[in-house]
Amino acid sequence: MARTATQYRCSSCGATSGRWYGRCPKCGEFSTVEEQAAAPATPGLRSNARASAPSRPARPVSEVVTGGPVQRLATGIGEFDRVLGGGLVAGQVCLCSGPPGSGKSTLLLAVADSVARRSGRSVLYISGEESVEQIAVRAQRIGAESPRLLLADDTDLGTVIGHVDAASGSSGERSAELALVIIDSVQTIASADVEGRAGGVTQTMEVAQVLTRVAKSRGLPMILVGQVTKDSTVAGPRALEHIVDTTLSLDGDKHASLRVLRTVKNRFGSLEVAAFEQTDAGLAEVLDPSSLFREQRAAPVPGTCVTVTVEGHRALTAEIQALVAGSNNPNPRRAVSGLDSARAAMLIAVAERATKIRLYDKDVFLATVAGMRVSDPGTDLAVCLAVISAAVGQPVPLDVIALGEVALSGDVRPVPMLAERAAEAARLGFARLLVPAGSRGRLDGRKLGATLVEVGNLEDAIGAIRRAGLSSIR
């Protein structure tokens, strides 16, 4: 804590000084200088800031709101537009991150080419990681050869802004010539006016703030590619995600061709998910990803159960797979892939208590298909049934799908967007839907073309499956 300075004040003239005097040096009076403790510093009052006239006065919201829909720039790639909420907004800054090799640069190069062809305006793609020649090789491979697609390679922030000025044909004004700017990646750009290495906290924040200011002042959409750490988080300061308007995450199993693009943050839309397949010609859209996240088989297999999860406003089927094996280890394994490990451990305990099956001395493995990440509590019932099915060695029928959240008490609770989940399950041909109790008032089984089986708790779900053919579950 800082020391409070002692001051001396003359009671006659009010003069102050840092030391005591027998005679006031200002008024000449004797014995008038007295000790006076200085007032403690108050937080927020140390600044010398003074009020100044704003350059843009505050306006009523009724004058700002136009009343019509927000004007968006469609990229022409439907799945990419979906995660953006319909397209790019003027001045929007989007951060797209993902592990190395996930396809970020390939996807954004295809986006740049599509925007250039559709809008008839220039699109500037600046790379700090590759040379122009290397980018051109990829562009030729995926067919991104629009004459309005401009490529540049530089790592200096001032030069990057110079490229934007040159491509837009103006300096500091709203440009109609430039439709989109893509920076690959923000961690490779550095400013000569700021100390520190490129990719460091100071440099990354400075670069992001300057580029954001350029995009906002000119009404120019901008996409920044972000590198990630080994924990799959965006490299650099966490504040980077607060600066931008939209944060996208592209991930997928490196041994599979499927790539999932998720919206982590979006100021201009809801959180959505899109699927792409990595091919020799780039990333191809997967218009119906539900078929990718579950296995296609002619006969049921023990330890599997299908459910429907919701990403944004999109309902996707997901298959939960479980394996229960004996263990001689005093601490049996609980391995999880694609699910939350803490919640999976809880559901294993709930399933063990509901069925009286011994699982505490067995290894339990849980996974999703195609590397899908599921964090939706609405898949709890499917996780429990998959574990029970694997433990008893009896399969869940292929036409059964489970929807519901499971509480610690074993009760099956309602889940949001149940109608959308049920509609997706019925569209894919599932005849029997295990749903939480009280769902009949929200769902019409005849309209869906499926049988609704209400279950109040995990024991009811086990009974419903037993009546459907799983006679080994008690």
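The values are calculated or read from the model by the stated rules, or taken from the named source; none is laboratory data. Everything quoted here is computed from the prediction, not taken from an experiment. Cβ: placed from backbone, ideal geometry, glycine included. Neighbour counts: every protein chain shown. Accessible surface is based on the protein model in full, side chains and every heavy atom, while ligands, DNA and RNA are left aside. Shrake-Rupley method; radii C 1.70, N 1.55, O 1.52, S 1.80 Å.
Summary table
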item: Any hit, region 402-418, residues being among the hydroxyl-bearing types (Ser, Thr, Tyr) and either more than 15 Å from residue 350 (Cβ to Cβ) or open to solvent by less than 40 Å² (accessible area, probe 1.4 Å) (or both); result: no
item: Residue tally, condition touching an Asp or Glu at 6+ places or on another chain (Cβ under 9 Å), charged (D, E, K, R), more than 12 Å from residue 319 (Cα to Cα) and open to solvent by 30 Å² or more (accessible area, probe 1.4 Å), over region 363-401; result: 0
item: Hits in region 53-103 (condition: of a type in the set (D, E, K, R) and open to solvent by less than 40 Å² (accessible area, probe 1.4 Å)); result: 79, 81
item: Failed criterion for residue 82 (all others in (1) under 30 Å from residue 255 (Cβ atoms); (2) among the basic types (Lys, Arg); (3) at pLDDT 95 or above hold); result: (3)
item: Near pairs, Cβ below 9 angstrom, 6+ apart or cross-chain, from region 189-206 (under 17 Å from residue 225 (Cβ atoms)) to any residue that is open to solvent by less than 80 Å² (accessible area, probe 1.4 Å) and of a type in the set (D, E, K, R); result: 189/154; 189/156; 190/156; 190/206
item: Criterion: under 25 Å from residue 372 (Cβ atoms) and open to solvent by 40 Å² or more (accessible area, probe 1.4 Å) - qualifying residue of 255, 242; result: 255
item: Looking only at region 12-37, and only at residues there that are in contact (Cβ under 8 Å) with a residue 24 or more places away in the chain and surrounded by 12 or more Cβ atoms within 10 Å (Cβ to Cβ), the one that is farthest from the chain's Cα centre (by Cα); result: 33
item: Residues that are of a type in the set (Ser, Thr, Tyr) and either within 13 Å of residue 158 (Cα to Cα) or open to solvent by less than 30 Å² (accessible area, probe 1.4 Å) (or both), drawn from region 199-219; result: 204, 212
item: Residue in region 179-187 that is at pLDDT below 95 and farther than 30 Å from residue 120 by Cβ present; result: yes
item: The one condition in (1) surrounded by fewer than 18 Cβ atoms within 10 Å (Cβ to Cβ); (2) over 28 Å from the mean Cα position of the chain (by Cα); (3) within 21 Å of residue 72 (Cβ to Cβ) that residue 122 fails to fulfil; result: (1)
item: Which numbered condition residue 320 fails, given (1) closer than 30 Å to residue 69 by Cβ; (2) open to solvent by less than 20 Å² (accessible area, probe 1.4 Å); (3) touching a residue at least 60 places away in the same chain (Cβ under 8 Å); result: (1)
item: Residue in region 151-169 that is open to solvent by 60 Å² or more (accessible area, probe 1.4 Å) and free of Cβ contacts under 8 Å to residues at least 24 places away in the same chain present; result: yes
item: Strands (runs of 3 or more DSSP E) (entirely within region 79-184) containing at least 1 residues that are farther than 29 Å from residue 286 by Cβ and among the small types (Gly, Ala, Ser); result: 122-127, 149-153
item: Filter result for residue 306 (open to solvent by 40 Å² or more (accessible area, probe 1.4 Å) and part of a strand (DSSP E or B)); result: no
item: Checklist (1) open to solvent by 50 Å² or more (accessible area, probe 1.4 Å); (2) in contact (Cβ under 8 Å) with a residue 12 or more places away in the chain; (3) not hydroxyl-bearing (Ser, Thr, Tyr) applied to residue 298, failing item; result: (2)
item: Residue within region 439-446 that is assigned to a helix (DSSP H, G or I), open to solvent by 40 Å² or more (accessible area, probe 1.4 Å) and over 22 Å from residue 300 (Cα atoms) present; result: yes
item: Failed condition for residue 268, given (1) under 25 Å from residue 348 (Cβ atoms); (2) of a type in the set (Phe, Trp, Tyr); (3) surrounded by fewer than 17 Cβ atoms within 10 Å (Cβ to Cβ); result: (1)
item: Of all residues making up region 344-362, the number that are open to solvent by less than 70 Å² (accessible area, probe 1.4 Å) and in contact (Cβ under 8 Å) with a residue 40 or more places away in the chain; result: 6
item: Residue within region 184-198 that is among the acidic types (Asp, Glu), open to solvent by less than 30 Å² (accessible area, probe 1.4 Å) and at negative phi present; result: yes
item: Selection count, region 363-394, where residues are out of contact with any strand residue (DSSP E or B) (no Cβ under 7 Å at 6 or more places or on another chain) and either part of a loop (DSSP other than H, G, I, E, B) or free of Cβ contacts under 8 Å to residues at least 60 places away in the same chain (or both); result: 4
